[in-house]
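The values are calculated or read from the model by the stated rules, or taken from the named source; none is laboratory data. As the structure is a prediction and not an experimental result, all values here were calculated from the model. Cβ placement follows ideal geometry from the backbone for every residue including glycine, while neighbour counts extend to all protein chains displayed. Quick note on the areas: whole protein, heavy atoms, side chains included, nothing else; ligands and nucleic acids left out. Shrake-Rupley method; radii C 1.70, N 1.55, O 1.52, S 1.80 Å.
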Amino acid sequence: MTTLSERPRTALMVIDVQKGVVAGAHQRDTVVANIAALVDTARAQGAPVVWVQHSDEGLEKGSEDWEYVAELPRRESEPLVHKTYGDSFEGTDLEEVLATAGVGHLVVTGAQTDACIRSTIHGAFVRGYDVTLVGDAHTTEDLSQWGAPPPGQVIAHTNLYWQEQSAPERKAGVVETKDVTFGG
């Protein structure tokens, strides 16, 4: 139902599952395992897998913390988008990568829920994409000492409000890993 009518495909986005980003993340091992299962499913169903990798002054490009976790090996043929902002579209070639692949529907996973995940799902939605958030395949660190709710609540709230998003000719939703398919 995307507004991008010439783009019938669905892609899996794996955002910022980097060593330094998820080292202390809520349910890190479970979330990474769910993302690995989704990568396998996408590949088996012929869906594009798009990897997004963040860098900034606290996450230096080329450092060990900047590297993706070992459990998620990217294939050389799969696009890697480098970003420096929360929204994976800002200042990157992500839109071009998705247009070239004919993608109008994104299945989103990764870290951090309350930063890059939220920024990217909103950024994609306003750009005309259908956006499905995989509710058990995104995570964040505990920022409660700075006034944020505990990470489990941040994740639950993001899942709650994303399933209620709506806009003309676009769909948003939340599914669990076991229910994801990559039709189209």
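Is it the case, given these coordinates, that Asp179 is open to solvent by less than 20 Å² (accessible area, probe 1.4 Å), within 17 Å of the chain's Cα centre (by Cα), at pLDDT 95 or above and among the charged types (D, E, K, R)? So Asp179 does not fit the description; no. Is there a residue being under 12 Å from the mean Cα position of the chain (by Cα) and assigned to a helix (DSSP H, G or I) anywhere in segment 123-133? Yes - at least one qualifying residue is present in segment 123-133. Ala148 meets each of the listed conditions (1) modelled with pLDDT under 95; (2) more than 21 Å from Gln27 (Cα to Cα); (3) open to solvent by less than 60 Å² (accessible area, probe 1.4 Å) apart from (2).
Looking at segment 143-184, which of its residues are of a type in the set (S, T, N, Q), out of contact with any Lys or Arg (no Cβ under 9 Å at 6 or more places or on another chain) and not in a loop (DSSP other than H, G, I, E, B)?
Ser144, Gln145, Gln153, Asn159, Ser166, Thr177
One residue stands out in segment 153-169 among those that are over 23 Å from Val31 (Cα atoms) and touching a helix residue (DSSP H, G or I) at 6+ places or on another chain (Cβ under 7 Å): the one that is surrounded by the most Cβ atoms within 10 Å (Cβ to Cβ), namely Gln165. The set of residues from segment 10-28 being open to solvent by 10 Å² or more (accessible area, probe 1.4 Å) and either farther than 19 Å from Arg74 by Cβ or in a loop (DSSP other than H, G, I, E, B) (or both) comprises Ala23, Gly24, Ala25, His26, Gln27.
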